[in-house]
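Right, one structure below, let's go through it.
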Amino acid sequence: MYELVVLSGKGGTGKTSLVGAFSALAQGKVLCDADVDAADLHLLLTPRKILRHDFRAGHKAVIDSQRCTGCGECVERCRFGAVSGRFVVDGLQCEGCGVCVHFCPAGAIDFPENLCGEWYISETRFGPMVHARLGIAEENSGKLVSLVRKEARHMAEDMGLQGILTDGPPGIGCPVIASLGGASAVLIVAEPTVSGLHDLDRVARLARHFQVPVSVCVNKADLHGETARAIEGLCRERGYDFAGHLPFDPAFTRAQVEGKTIIEDDDGPGRRAVTEVWEHLRKSLQGA
């Protein structure tokens, strides 16, 4: 079984459009949206939710007014200013450290697990999908990424499917690190700009650190051919697999507006380029 994770140095580079297109081209796979902070693969694939689960992680202190003696120990101990003079915990200020719980002489502070969001198992027109929604201003996105990836792997094993296509988060932070461990390969989608070149190098170095093979493609490559060629040169220099160039094609946006992938909507240069990139990746994954 393989897992291909599609990443980018920043948002908006086109990785979700690519994952959607790959899902239309691939056979025998599970889809996974690991960009839990801003999931949008569902906009292309319109999944039908079959199962919904709560996601709980971290803790928040809650003071029980019936048990509280008003000693003020919690106010004095809290370093985040989360406890008011009326002995009420501000949920946004509370960091879940548990100091107030430990030192409360009356045992008046509860420490329940925090409800952070939801995760789902769904059906799409291209196969099963695992995805999630993190709550507004909630933390533990890395833990939720690990959870949806684990469930996607279990689903692929149970159904006897050969692969997982994962739409990963942008950047190089905790959610990206959580999306890399155990992956078969990473495709980094880069833009032909100076910042795009820099972002690509950061993500590729991170993947190399976790010993995950790196492939790269340049989206909208014809908008600045010189930088696109520089990215390809960097890949040769660093030993990254270069999967190809994708043109700027309005068909991508037209397909998105219609809730489709470019594979379903068009037969132009964008679709042909995406198909070539997928065939390149498919051969690499088969040999992994």
With R₀ set to 25 angstrom, the calculated FRET efficiency between the beta-carbons of Met1 and Leu223, to the nearest 0.05, is 0.10
Segment 175-282: GluC sites (Glu not before Pro) falling in loop per DSSP and having at most 16 other Cβ within 10 Å: Glu258
The size of the Cβ-based charge dipole (Lys, Arg +1; Asp, Glu -1) of segment 32-107 about the Cα centre, to the nearest 20 debye, is 280
Gained length - His102 relative to Thr69, 0.36 nm times residue gap less alpha-carbon distance: 10.3 nm
Per DSSP helix of 4 or more residues, -39500 (n - 2.57); summed, then divided by the residues of the chain. What does that give at 222 nm, rounded to the nearest 500? -11500 deg cm²/dmol
Any idea what the relative contact order of segment 61-111 is, in percent, if you count C-alpha pairs under 8 Å spaced at least 6 apart? 49
Rh (Kirkwood, all Cα-Cα pairs) for the chain, Å, reads 20.6
Can you give the FRET efficiency to the nearest 0.05 for Lys283 and Arg236, using r as the Cβ-Cβ distance and R₀ = 22 Å? 0.75
Just the C-alpha atoms of segment 86-169: what Rg/Rh do they give, with Rh taken as the Kirkwood radius? 1.17
Beyond 27 Å between alpha-carbons counts as too far, so tell me which of Lys29/Lys60; Lys15/Lys49; Lys10/Lys49; Lys150/Lys220 fall in that bin. Lys29/Lys60; Lys10/Lys49; Lys150/Lys220
Nearest 5 is fine: what % of DSSP beta bridges in the chain come out antiparallel, could you say? 45
Which number do you get for Rg(Cα) / (2.2 N^0.38 Å) in segment 155-238? 1.21
Quick one: if you stick a label point 7 Å off each Cα along the C-beta vector at Ala38 and Ile177, how many nm between them? 2.1
Taking every C-alpha to C-alpha distance in segment 61-111 and binning by 5 Å from 0, the per-bin percentages run 4, 25, 42, 22, 6
Run the numbers on the chain and let me know its relative contact order in percent, using alpha-carbon pairs under 8 Å that are six or more apart. 26
How far, in nm, would the chain grow between Phe248 and Phe80 when pulled straight, counting 0.36 nm per residue and subtracting the alpha carbon separation? 55.7 nm
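Read-outs: derived from the displayed coordinates by stated rules, not from any lab. Owing to the predicted nature of the structure, the values given are computational and were not obtained by experimental measurement. Heads up, the Cβs are rebuilt from the backbone with ideal geometry, glycines too, and the neighbour counts pull from every protein chain shown.
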